[in-house]
Amino acid sequence: MTDPAERSEDNAKRGDMVGKALRVLNLLGEAPNGATLSELARRAGYPVSTTHRLLNSISREQFAVIDEERRWHLGLRMFELGQRVLSARGFAGVTTPVLQRVSERTGEPTLMSFREGHEQLYVNHAEGSQQIQITGEPGKRGPLHCTAMGKCLIAFAPEETRERLVSELDLERLGPRTITDRAAFRETIERVRAEGFAVADEEHEEGILAVGVPVLTPDGTVAAAVSTAVPAFRSSMEELYIHLEPLRQAARELAAGLPPG
């Protein structure tokens, strides 16, 4: 008969290995051109032997694959699961046509994101008709404090969450106009909440402007955010405001069409 303490220790070890495997998958997701075994081991901070065992395990279920150059990539099983999430959350059937309609009107890309912890997760985007495009690649994460969508996700979060984010976010300077002063950042979030939209004036990246609005649930809290982002050479901040109405219309459609959860 197995000792309960031994069972507990075995479960803890299995849980630890699952966590390590998930970390390896996350690292693969950050490597669009793949990564070698040694690169993954170094970035994960695991021994090469441990990393090799983890990769062999997840590759058996097709979550990872290795190419002829001995570089590891995310497998099609990850894509399959991602598509299921998109379908279950209403993205495929609801968000894509809504975002496309905005881009048809503006000629610019339209982006959508959710908040996950202290970051935003880009979940969909529609391309515009302009030759030079700004994209929010679905599945990638980005900062909250210096983007139009991120500010909306903060400003319309429940009060306790909003206060925590305003107080705790690392206001790292990522663009030439990133707001790094805590008091100024708080004032910005209060203004976004009062006005119902947010802008980013070369705050995330030099040469990029954006305007965004929240997608609100019936109780007035934010479910997601949508934005239009353009190169600064093609638009002034004042000209960017003309995109607010199509974004607001899209936010209303998304609020009505997205499933709960």
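The values are calculated or read from the model by the stated rules, or taken from the named source; none is laboratory data. Note that the structure is predicted; figures quoted are calculated from it, not measured. Cβ sites come from the backbone with ideal geometry, for glycine too, and all protein chains shown count toward neighbours. For the accessible areas, the whole protein counts, side chains as well, though only heavy atoms, and no ligand, DNA or RNA atoms are used. Shrake-Rupley method; radii C 1.70, N 1.55, O 1.52, S 1.80 Å.
Amide H contacts of ALA224: VAL215, each under 5 Å away and 5 or more positions distant or on a separate chain (H built 1.01 Å from N in the peptide plane; Pro and chain starts excluded). Derived scalar couplings between HN and Hα for the range 43-60 equal 5, 7, x, 10, x, 4, 5, 5, 4, 5, 4, 5, 5, 4, 5, 6, 6, 4 Hz in order, rounded to whole Hz, by the Karplus curve 6.51 cos²θ - 1.76 cosθ + 1.60 (θ = phi - 60°), x for Gly and Pro.
Computed extension length for ALA255-ARG53: 68.3 nm, one decimal, from 0.36 nm per residue of separation with the Cα-Cα distance subtracted. Close amide H pairs (under 5 Å, H built 1.01 Å from N) link ILE208 with GLU202, ALA232, residues at least 5 positions away or on another chain.
Of all GluC sites (Glu not before Pro) in the range 101-194, which ones are in loop regions per DSSP and have a Cβ with at most 10 other Cβ atoms within 10 Å? Display every interim value, and only then the final one.
Numbers: sites: GLU104, GLU116, GLU119, GLU127, GLU159, GLU160, GLU163, GLU168, GLU172, GLU187, GLU190; in loops: GLU127, GLU172.
Listed in order of number, the matching sites are GLU172.
Figure note: ASP201, ASP181 ranked by solvent-accessible area, largest first, 1.4 Å probe, ligands and nucleic acids not counted: ASP181, ASP201.
Taken along the Cα-to-beta-carbon direction at a fixed 7 Å, the label points for ARG186 and ALA44 span 4.3 nm. Computed extension length for ASN33-ARG164: 43.5 nm, one decimal, from 0.36 nm per residue of separation with the Cα-Cα distance subtracted.
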